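Enquirer: Can you read through this structure? Questions will come right after.
None of the figures in this text is laboratory data; all of them are computed from the coordinates on show. Predicted model only: the values in this text are computed from it and were never measured. Because the Cβ atoms are built from the backbone with ideal geometry, glycine has one as well, and the counts that use them run over all protein chains shown.
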Amino acid sequence: MLAIETVDLTKDYTVGFFRKRPRRALEGLNLRVDAGEIFGLLGPNGAGKSTTLKLLLRLIFPTSGTARVLGRELDDVSMHARVGYLPENPYFYDHLTAREFLNYVGELFGLPSAERRRRVDQLLDRLGLADSSNVALRKFSKGMIQRVGIAQALMNDPELIFLDEPMSGLDPLGRREARDLILELKAAGKTVFFSTHILSDAEVLCDRVAILNRGRLQGCGELREILSLGVSATEVVLENPAPELLNELQSYSRSAIRTGNRVRIEIAEEAEVPSALGMILRRGARVVSVNPVKMSLEDYFMAQIDNGPGKLPAEDKVEALREEERK
Amino acid sequence: MTGRVASIALNTFKESVRERVLYNLVVFALLLIGAAILFSSISVGIEQIILVNLGLSSISGFGLLMAIFIGIGLVWKEIERRTIFSILSKPVRRGEFVLGKYLGLLLTLVINTGIMTLGFYAALLYQKRTLEVADLVALEAVYFILLQLAMVVGLALLFSCISTPVLSAVFTFSLYVVGNFLEDIRWFGQETGSSLVESLTTGIYYLLPNFGNFNVISQIAHGERIPGYLLISNSLYALLYVSILLSAAILIFEEREFK
């Protein structure tokens with residue numbers, strides 16, 4: 001089942017005061033997000049990530065194209081009862097305490113009083129806000145507000161959670177907790193759709209990612225496919241190799257980088273790794289590690305941003321795998 | 001639907017009553033009502049007229065200040081501080097949000113006007129040493145003040161959906177002032193003898209909110225009774241006008257984008 005489906009979703013903003021002209025924020029976005037997956041929307045600032053989320057939540061309206069969330073049209077407000085949303089850099093009512101605010105959110109979801117109380121206590125506890133639950137939100141730090149934001153997004157125990165830059169403003173501990181929480185949500189069968197420009201978060205969390213740049217989808221694919229596709233070399237780290245050995249290894253390795261008494265070489269051809277290792281061991285050098293050099297999400301990201309729009313090898317491969325599964 | 005509107009209204013009420021400026025205004029209004037005792041004590045023979053005039057005018061004036069200054073920020077603040085994102089992403093229709101905000105501020109004004117009215121009757125009791133059933137007629141003026149405030153909040157809310165607080169305040173206050181002189185404007189149009197000017201002033205008369213019909217403070221102060229038909233016609237007029245203002249605000253808000 002699809003949690004989110006967008007078809008040629010396009011958004012133009014009007015800019016300029018006297019001479020109004022359209023500026024395209026999102027162009028023909030086609031996305032399909034499966035239920036139960038963690039989907040990351042990546043891109044630099046101004047790429048169209050928040051615009052996509054706001055379109056899906058009907059805070060802004062598409063210039064053209066359509067989208068469905070949990071099988072419903074975007075103008076069906078009742079769909080919001082099944083989703084949660086954390087806005088980017090959230091701000092909540094200064095005059096309320098965290099408990100009052102979450103209770104208010106529960107009322108908007110139409111939760112019965114006892115259920116509201118139970119859920120508020122549970123979320124305050126889960127997000128480490130129990131001790132500050134009766135403090136006015138105006139006294140909260142940015143990180144604490146972010147936690148309140150996550151709590152309000154989960155108040156209705158949603159099937160689909162939209163998180164716009166969820167790690168923003170959190171300290172390392174808070175980020176770890178937020179990551180754990182997102183993984184917990186996935187384990188509970190929820191779909192998480194989040195935007196971020198912090199690639200390490202996406203690398204740890206996402207099943208699939210889409211990369212946006214200047215409003216255009218640059219690529220979309222399964223993370224494990226992307227990350228296992230580009231084994232470009234094998235890295236071997238040696239300890240105290242003799243200079244003669246390094247000379248002989250030049251026929252295998254493109255480079256040798258010395259750090260202290262260790263030398264790191266990269267062997268381009270996988271087939272040559274056994275013979276190179278044999279030579280190293282015969283010469284009595286110590287092998288510290290042997291690792292495949294894979295494409296990181298950052299490499300992938302940079303490649304897509306640099307290359308501009310186009311279908312990615314990873315996406316082709318994922319499509320082929322799906323086709324195979326369908327057969 | 002009713003539950004969500006009530007929740008939004010109660011949150012708006014909480015927000016308003018936790019604003020310090022509101023308390024300042026109420027305290028200031030009560031002080032002015034108290035000062036009316038002083039003024040009336042130096043007005044030989046017309047003590048009660050002065051007290052009722054000043055007291056009810058204070059209630060009206062400070063109610064107007066509250067309605068405008070809280071009303072203009074009602075929606076604008078939600079958009080500017082981006083609290084609107086977390087509300088409209090819930091199963092809340094935009095119309096419910098606008099209606100909830102309106103009713104929340106109206107509730108605030110009803111309670112504050114109630115407090116100021118108690119202050120007014122306390123001042124009257126202090127001056128007359130007793131209260132009579134006839135004194136309750138002042139409540140009719142208070143009711144008309146509330147109807148006026150309901151219309152002012154509607155105007156402020158409508159402008160708050162499309163403009164900045166400063167411009168909203170200017171527009172709302174201007175309409176309030178013009179709305180108090182609509183009879184004169186129509187009379188002026190009839191006096192000019194020009195059919196064009198007359199149609200224009202008649203159009204303005206029917207289009208803009210007529211606050212003049214609600215000004216009964218002077219009659220009440222002089223002990224005159226308010227005719228029953230005026231109570232009904234003013235109630236219906238305010239209800240109709242507020243409905244139009246809210247419908248317009250909702251229509252505008254439905255189309256609004258929150259970037």
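Enquirer: What distance in nm lies between label points placed 7 Å from Cα along the C-beta direction at A:Val15 and A:Lys142?
Expert: Roughly 2.5 nm, to one decimal.
Enquirer: OK, next. For the range B:63-132, which semi-axes, largest first and in whole Å, follow from the square roots of 5 times the eigenvalues of its Cα gyration tensor?
Expert: 38, 12, 7
Enquirer: What do you get for chymotrypsin sites (Phe, Trp or Tyr not before Pro) in the range A:1-89 restricted to DSSP loop and a cutoff of at most 10 other Cβ within 10 Å of the site's Cβ?
Expert: Details: sites: A:Tyr13, A:Phe17, A:Phe18, A:Phe39, A:Tyr85; in loops: A:Phe17, A:Phe18.
The qualifying sites are A:Phe17, A:Phe18.
Enquirer: Also, quick follow-up: Within 10 Å, Cβ to Cβ, of A:Ser133, how many net charges do the neighbouring residues add up to if Lys/Arg are +1 and Asp/Glu are -1? Write down the numbers at each step before the final one.
Expert: Numbers: positive: A:Arg99; negative: A:Glu100, A:Asp121, A:Asp125, A:Asp131.
Within the 10 Å Cβ shell, the charges total -3.
Enquirer: Quick check on the exposure proxy: order B:Phe211, A:Phe92, A:Phe140 from fewest to most C-beta atoms within 10 angstrom.
Expert: A:Phe140, B:Phe211, A:Phe92
Enquirer: DSSP H helices in chain A with Cα extent of 30 Å or more along the helix axis and mean Kyte-Doolittle hydropathy at least -1.0? Walk me through the numbers before you get to the answer.
Expert: Values: long enough: none.
Answer set is empty.
Enquirer: Decide, for the range B:146-259, between rounded, prolate and oblate: order the square roots of the alpha carbon gyration tensor eigenvalues as a ≥ b ≥ c, take rounded if a/c falls under 1.5, and otherwise choose prolate if a/b is larger than b/c, else oblate.
Expert: Taking the square roots of the gyration eigenvalues as a ≥ b ≥ c, the range B:146-259 is oblate.
Enquirer: When you look at the Cβ of every residue in B:78-87, what mean number of other chain Cβ atoms sits within 10 Å? Intermediate values should be presented prior to the final figure.
Expert: Details: counts 1, 0, 1, 4, 7, 7, 2, 13, 16, 6.
Neighbouring Cβ atoms belonging to other protein chains average 6 per residue here.
Enquirer: Another question about this same structure. At q = 0.12, 0.13 Å⁻¹, what log₁₀ I(q)/I(0) does a Debye calculation on the Cα points of the range B:42-159 give, no solvent, two decimals?
Expert: Treating every Cα as an identical point scatterer, log10 I(q)/I(0) equals -0.54, -0.60.
Enquirer: What are the semi-axes of the equivalent ellipsoid of the range B:124-194, taken as the square roots of 5 times the eigenvalues of the Cα gyration tensor, listed largest first and rounded to whole Å?
Expert: For the range B:124-194, the semi-axes come out at 33, 22, 10 Å.
Enquirer: Considering only A:Arg126, A:Arg21, A:Arg147, give the residue with the highest GNM mean-square fluctuation for chain A, with springs between Cα atoms whenever their separation is below 10 Å.
Expert: For chain A, modelled as a Gaussian network with Cα springs under 10 Å, the answer is A:Arg21.
Enquirer: Among B:Ile185, B:Ile162, B:Ile42, which one moves the most in a GNM of chain B with springs linking Cα atoms closer than 10 Å?
Expert: Among B:Ile185, B:Ile162, B:Ile42, the largest GNM mean-square fluctuation belongs to B:Ile42.
Enquirer: May I ask you to evaluate 6.51 cos²θ - 1.76 cosθ + 1.60, the Karplus curve with θ = phi - 60°, for each residue of the range B:164-175 and list the ³J(HN,Hα) values in order in whole Hz, giving x for glycine and proline?
Expert: 7, x, 5, 5, 4, 5, 5, 4, 5, 5, 4, 5
Enquirer: Take every DSSP beta bridge with both residues inside chain A and express the antiparallel ones as a percent of the total, to the nearest 5.
Expert: Within chain A, antiparallel bridges account for around 70 percent of the total.
Enquirer: Can you give the extra length, in nm with one decimal, that the chain gains between B:Leu236 and B:Thr202 once fully stretched, where that is 0.36 nm per residue apart less the Cα-Cα distance?
Expert: Numbers: separation 34, 0.36 × 34 = 12.24 nm, distance 2.04 nm.
Length gained between B:Leu236 and B:Thr202: 10.2 nm.
Enquirer: Which one of A:Leu70, A:Asn89, A:Leu55 is farthest out on the positive end of the charge dipole of the range A:39-152, using unit charges on Cβ (Lys, Arg +1; Asp, Glu -1) and the Cα centre as origin?
Expert: Comparing the listed Cα positions along the dipole, A:Asn89 ranks first.
Enquirer: To continue, here is another question. Give me the one-decimal Kirkwood hydrodynamic radius in Å for chain A, with the sum taken over alpha-carbon pairs.
Expert: Every distinct Cα pair counted, the radius reaches 22.6 Å.
Enquirer: Something else now. Between A:Pro274, A:Pro292, A:Asn247, whose Cα lies farthest towards the positive end of the dipole of the range A:231-293 when Lys and Arg beta carbons carry +1 and Asp and Glu beta carbons carry -1, centred on the Cα centre?
Expert: A:Asn247
Enquirer: To make sure I understand, if each residue's beta carbon is the centre and we count other beta carbons within 10 Å, what order do A:Met1, B:Met116, A:Met279 fall in, fewest to most?
Expert: By the 10 Å Cβ count, ascending, the order reads A:Met1, A:Met279, B:Met116.
Enquirer: Classify the range A:99-202 as rounded, prolate or oblate from the Cα gyration tensor: take a ≥ b ≥ c as the square roots of its eigenvalues, call it rounded if a/c is under 1.5, otherwise prolate when a/b beats b/c and oblate if not. All intermediate terms of the calculation are to be shown ahead of the outcome.
Expert: Values: a/c = 1.99, a/b = 1.27, b/c = 1.57.
It is oblate, given that a/c is not under 1.5 and a/b is not larger than b/c.
Enquirer: Moving on to the next point. When the C-alpha atoms of the protein assembly as shown are aligned to their principal axes, what extent does each axis show, in angstrom, from largest down?
Expert: 122, 57, 43
Enquirer: A further question on this structure: For every helix of n ≥ 4 consecutive DSSP H residues, a contribution of -39,500 (n - 2.57) applies; sum these over chain A, divide by its total residues, and give [θ] at 222 nm rounded to the nearest 500 deg cm²/dmol.
Expert: On the way: 11 runs with 118 residues, N = 327.
Computed mean residue ellipticity for chain A: -11000 deg cm²/dmol.
Enquirer: Also, quick follow-up: Give me the base-10 log of I(q)/I(0) for the range A:231-293 at each q in 0.15, 0.17, 0.23 Å⁻¹, Debye formula, one uniform scatterer per Cα, rounded to two decimals.
Expert: Those come out to -0.36, -0.47, -0.90, one per q.
Enquirer: Still on this model: Within 10 Å of each Cβ of A:106-112, how many other protein chain Cβ atoms are there on average?
Expert: 5
Enquirer: Given the Cα-Cα distance of B:Arg81 and B:Val178 and 0.36 nm per residue of separation, how much length would full extension add, in nm?
Expert: 31.7 nm
Enquirer: Looking at the square roots a ≥ b ≥ c of the eigenvalues of the Cα gyration tensor of the range B:81-212, which shape do they give, rounded for a/c under 1.5, prolate if a/b is larger than b/c, or oblate?
Expert: Oblate.
Enquirer: What value, in deg cm²/dmol to 500, does the helix sum -39500 (n - 2.57) over DSSP H runs of n ≥ 4 give at 222 nm once divided by the residues of chain B?
Expert: -27000 deg cm²/dmol
Enquirer: Something else: Rounded to whole Å and sorted largest first, list the principal axis extents of the Cα atoms in chain B.
Expert: 62, 52, 31 Å, listed from the longest principal axis down.
Enquirer: Still on this structure, I have one more. Highest GNM mean-square fluctuation, chain A, Cα pairs closer than 10 Å: which of A:Ile267, A:Ile211, A:Ile226?
Expert: Checking each option, the largest mean-square fluctuation is seen for A:Ile267.
Enquirer: Could I ask something else about it? Points 7 angstrom from Cα along the Cβ direction at B:Ser41 and A:Ser64: gap in nanometres?
Expert: If labels sit at B:Ser41 and A:Ser64, their model points lie 7.8 nm apart.
Enquirer: OK, next. Amide H to amide H under 5 Å from A:Asn213: which residues, 5+ apart in sequence or cross-chain, H placed 1.01 Å off N in plane?
Expert: Under 5 Å from the amide H of A:Asn213 lie the amide H atoms of A:Gln218, each far enough along the sequence or on another chain.
Enquirer: Something else: Using all Cα-Cα distances in the range A:160-199, what percent lands in each 5 angstrom bin from 0 up to the longest?
Expert: 6, 24, 30, 27, 11, 1
Enquirer: Once you wrap a convex hull around the alpha carbon atoms of the range A:62-105, what is its projected area averaged over all directions, in nm²?
Expert: Computing the convex hull of the Cα atoms and averaging its projections yields 4.6 nm².
Enquirer: Hey, another quick one. Kindly provide the trypsin sites (Lys or Arg not before Pro) of the range A:1-42 that DSSP labels as loop, not H, G, I, E or B, and whose Cβ sees at most 15 other Cβ atoms within 10 Å.
Expert: Listed in order of number, the matching sites are A:Arg19, A:Lys20.
Enquirer: Straight-line reach only, C-alpha to C-alpha below 13 angstrom: list the aspartates and glutamates that A:Lys20 could link to, leaving out same-chain residues fewer than 8 apart.
Expert: A:Asp12
Enquirer: Still on this model: Please identify the trypsin sites (Lys or Arg not before Pro) of the range B:1-53 that satisfy two criteria: DSSP loop assignment and at most 15 other Cβ atoms within 10 Å. Which are they?
Expert: Values: sites: B:Arg4, B:Lys14, B:Arg18, B:Arg20; in loops: B:Arg18.
Here the sparse-neighbourhood loop sites are B:Arg18.
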